[in-house]
Protein chains: 2
Amino acid sequence: MNKLLIVGTVAFDAIETPFGKTDKILGGAATYIGLSASFFNVQSAIVSVVGEDFPQEYLDLLTNRGIDISAIEIVKGGKTFFWSGRYHNDLNSRDTLDTQLNVLADFQPKVPVNFTDADVVMLGNLHPIVQTGVLDQMTVKPKLVVLDTMNFWMDCALADLLQVIKRVDVITVNDEEARQLTGEYSLVKAAAKIHTMGPAYVVIKKGEHGALLFHDKKVFYAPALPLEEVFDPTGAGDTFAGGFTGYIAQSENLSFDNMKNAIIYGSNLASFCVEEFGTQRMERLQKSEVHERLQQFKTLTQFDIELED
Amino acid sequence: MNKLLIVGTVAFDAIETPFGKTDKILGGAATYIGLSASFFNVQSAIVSVVGEDFPQEYLDLLTNRGIDISAIEIVKGGKTFFWSGRYHNDLNSRDTLDTQLNVLADFQPKVPVNFTDADVVMLGNLHPIVQTGVLDQMTVKPKLVVLDTMNFWMDCALADLLQVIKRVDVITVNDEEARQLTGEYSLVKAAAKIHTMGPAYVVIKKGEHGALLFHDKKVFYAPALPLEEVFDPTGAGDTFAGGFTGYIAQSENLSFDNMKNAIIYGSNLASFCVEEFGTQRMERLQKSEVHERLQQFKTLTQFDIELED
């Protein structure tokens with residue numbers, strides 16, 4: 001089985017949407033990535049850090065999904081990273097109400113020895129220096145390195161971010177971030193500029209409008225599945241990344257055509273994530289449901305036009 | 001050859017975008033619809049009105065495309081409808097700078113006798129009473145009636161609009177208009193509500209994010225082609241409608257699968273329209289270019305995933 005190394009937060013979230021609010025629940029980029037990747041035949045490990053306040057049942061939840069959590073450091077007396085946010089009525093934007101870095105402030109990632117040769121590395125959204133620190137520990141060049149990041153690091157740590165971007169094969173950002181990173185409004189031009197920064201593949205996430213994959217002169221567009229209701233968008237991007245990397249790691253195929261499939265799987269899994277608060281939907285999701293929804297994605301996008309004059 | 005009846009404005013536009021501005025140029029919904037539909041083997045006619053100030057060369061342009069303009073009334077001493085607008089930097093929104101109804105104020109549409117049995121009727125954006133007036137003149141029930149409208153009529157003539165909506169098979173609106181018309185934020189729910197108002201098919205246009213086709217419980221998503229530069233969005237929605245109805249009229253096939261193809265053709269033609277100011281690009285567009293771009297649409301959206309466990 002191929003190895004997928006995931007770095008990212010394992011955390012507490014408190015979420016408010018127009019539909020309700022949660023107390024502190026399980027959250028974090030690596031959590032969503034790991035849950036999503038667990039739908040594929042891969043051996044995955046999470047590199048992260050939590051405090052002593054982090055419930056054993058949350059760790060067990062990851063272990064029960066076959067995820068190696070030996071590199072999730074538990075800091076004695078420490079408190080787990082906490083994020084709290086409130087989504088606006090359209091669910092496309094949100095306000096951060098509270099961010100408590102806690103143990104994340106001094107996080108030094110340690111890649112488990114048996115994952116320094118991982119086939120695929122998924123660098124979840126974190127300080128770019130932490131992401132670089134993970135890459136530096138790899139003893140074998142990974143077949144694919146995927147980086148997720150956000151506008152916050154473009155504002156506060158751009159030089160570090162550009163250093164790590166140089167070293168990755170795939171970057172995933174949203175449309176606004178692609179524009180901020182490049183100063184280009186056109187996503188086609190933005191993607192072309194990001195190519196010159198390093199990544200051969202650029203994935204631009206557009207939320208309810210789907211995702212674009214750019215490579216060379218090629219473009220692929222995966223729609224988001226139109227849903228009756230988006231309940232909570234938290235973790236959708238990470239779930240997308242987990243589906244993308246999980247599928248790639250399983251299939252061992254780095255062709256553009258296979259990347260398309262990976263994008264579809266990412267969109268597929270993300271479409272479940274947003275149906276309930278936090279990780280709830282992902283926790284009880286069945287493989288058969290993912291397969292059924294793949295058929296919906298086909299119906300949604302596939303057409304058959306014969307050319308005539 | 002099947003007949004396509006088009007009703008809508010034939011007008012002057014003055015457009016400002018971040019890339020430049022135009023003097024009074026050829027514009028109007030029916031103009032764009034007609035130009036776009038002329039890429040298909042259909043016999044089409046425009047019902048509209050212009051003033052005596054309207055240049056013969058613009059009328060010739062339509063005639064040269066094989067469009068029957070005998071029902072474009074020329075009002076002696078009258079002035080042609082004029083719209084002027086300025087697009088914002090993102091080209092997704094615009095301010096109307098000037099609207100002069102002129103001859104449109106008293107427009108009484110007259111369907112040519114040989115088009116009262118048209119196979120497809122495209123009701124371009126106009127006062128819903130004018131749209132109704134066209135339907136009332138049909139002597140044979142059309143195979144398909146498509147209606148385009150906008151938020152303006154929802155604000156000012158909702159009762160009239162609901163009357164004409166009842167009588168059409170397909171409605172095309174943008175996402176914000178779908179939400180305004182139904183009070184539903186979710187486009188899936190909005191489309192379901194619009195179905196109950198009459199139209200069996202609901203097309204929701206999302207500009208650079210593509211278009212959705214809803215029918216029964218089915219959904220199809222046609223992306224917009226990601227372009228290096230959108231130069232001028234004016235007429236994109238009408239060009240889309242012209243491609244949609246032109247293709248349907250040509251193919252005589254009202255199945256959902258064929259509607260998908262029609263949506264793709266609409267998106268295809270619209271992707272050219274926005275490349276230059278006004279009707280410029282559409283005027284010199286070749287069928288071979290449309291065919292080539294169809295291949296790009298396939299590359300953009302088609303994938304081939306084999307299901308496995």
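Taking first residues from the range B:267-293 that are without any contact (Cβ under 8 Å) to a residue 40 or more places away in the chain and partners that are of a type in the set (Asp, Glu) and assigned to a loop (DSSP other than H, G, I, E, B), the Cβ contacts under 6 Å between residues at least 6 apart in sequence or on separate chains come to B:ARG281/B:GLU275.
The set of residues in the range B:1-56 being closer than 24 Å to B:GLU275 by Cα and among the acidic types (Asp, Glu) consists of B:ASP13, B:GLU16, B:ASP23. Against the conditions (1) buried (at least 23 other Cβ atoms within 10 Å of the Cβ); (2) assigned to a helix (DSSP H, G or I), A:VAL168 satisfies every one except (2).
Restricting the range B:200-224 to residues that are among the aliphatic types (A, V, I, L, M), over 26 Å from B:ILE67 (Cβ atoms) and touching a Leu at 6+ places or on another chain (Cβ under 7 Å), which is surrounded by the most Cβ atoms within 10 Å (Cβ to Cβ)? Going through the qualifying residues, I end up with B:ILE204.
Among the residues that make up the range B:185-194, is at least one of them in a loop (DSSP other than H, G, I, E, B) and at pLDDT below 95? Reasoning before the result, please.
At the first step, the residues of the range B:185-194 found to be in a loop (DSSP other than H, G, I, E, B) are B:185-186.
Subset that is at pLDDT below 95: B:185-186.
Looking for residues that are in a loop (DSSP other than H, G, I, E, B) and at pLDDT below 95, one finds at least one in the range B:185-194, hence yes.
In the range B:34-73, the qualifying residues are those that are of a type in the set (D, E, K, R) and assigned to a loop (DSSP other than H, G, I, E, B), and the one that is nearest to the chain's Cα centre (by Cα) is B:ARG65.
Would you point out the residue of the range A:198-217, among those that are basic (Lys, Arg) and more than 28 Å from A:GLN43 (Cα to Cα), that is farthest from the other protein chains (Cβ to nearest Cβ)? Full working, then the answer.
Here is the first cut: in the range A:198-217, the ones basic (Lys, Arg) are A:205-206, A:217.
Pick out the ones that are also more than 28 Å from A:GLN43 (Cα to Cα) and you get A:206, A:217.
Working: A:LYS206: 7, A:LYS217: 10 Å.
Among those residues, the one meeting the criterion is A:LYS217.
Scanning the range B:124-159 for residues that are crowded, with 16+ Cβ neighbours inside 10 Å, polar (S, T, N, Q) and under 16 Å from the mean Cα position of the chain (by Cα) returns B:ASN125, B:GLN131, B:THR149. Does B:LEU181 meet the test of being of a type outside the set (Gly, Ala, Ser), facing chain A (nearest Cβ under 10 Å) and buried (at least 18 other Cβ atoms within 10 Å of the Cβ)? So B:LEU181 does not fit the description; no.
For B:LYS189, state whether it is surrounded by fewer than 24 Cβ atoms within 10 Å (Cβ to Cβ) and in contact (Cβ under 8 Å) with a residue 12 or more places away in the chain. Before you say what the answer is, go through the steps one by one.
Working: surrounded by fewer than 24 Cβ atoms within 10 Å (Cβ to Cβ): yes; in contact (Cβ under 8 Å) with a residue 12 or more places away in the chain: no.
So B:LYS189 fails the test.
Restricting attention to the range A:203-220, does a residue exist that is touching a Cys at 6+ places or on another chain (Cβ under 8 Å) and modelled with pLDDT of 95 or more? Scanning the range A:203-220 turns up no residue that is touching a Cys at 6+ places or on another chain (Cβ under 8 Å) and modelled with pLDDT of 95 or more. Only residues that are within 14 Å of A:SER48 (Cβ to Cβ), more than 19 Å from the chain's Cα centre (by Cα) and not polar (S, T, N, Q) were counted across the range A:87-104, and they come to 2.
Inspect all residues belonging to the range A:4-20 and state whether any of them is surrounded by fewer than 14 Cβ atoms within 10 Å (Cβ to Cβ) and charged (D, E, K, R). Within the range A:4-20, not a single residue is surrounded by fewer than 14 Cβ atoms within 10 Å (Cβ to Cβ) and charged (D, E, K, R).
The values are calculated or read from the model by the stated rules, or taken from the named source; none is laboratory data. It should be emphasised that the depicted structure is a prediction, and the values quoted were computed from it without experimental measurement. We place every Cβ from the backbone using ideal geometry, glycine too, and count neighbours over all the protein chains shown.
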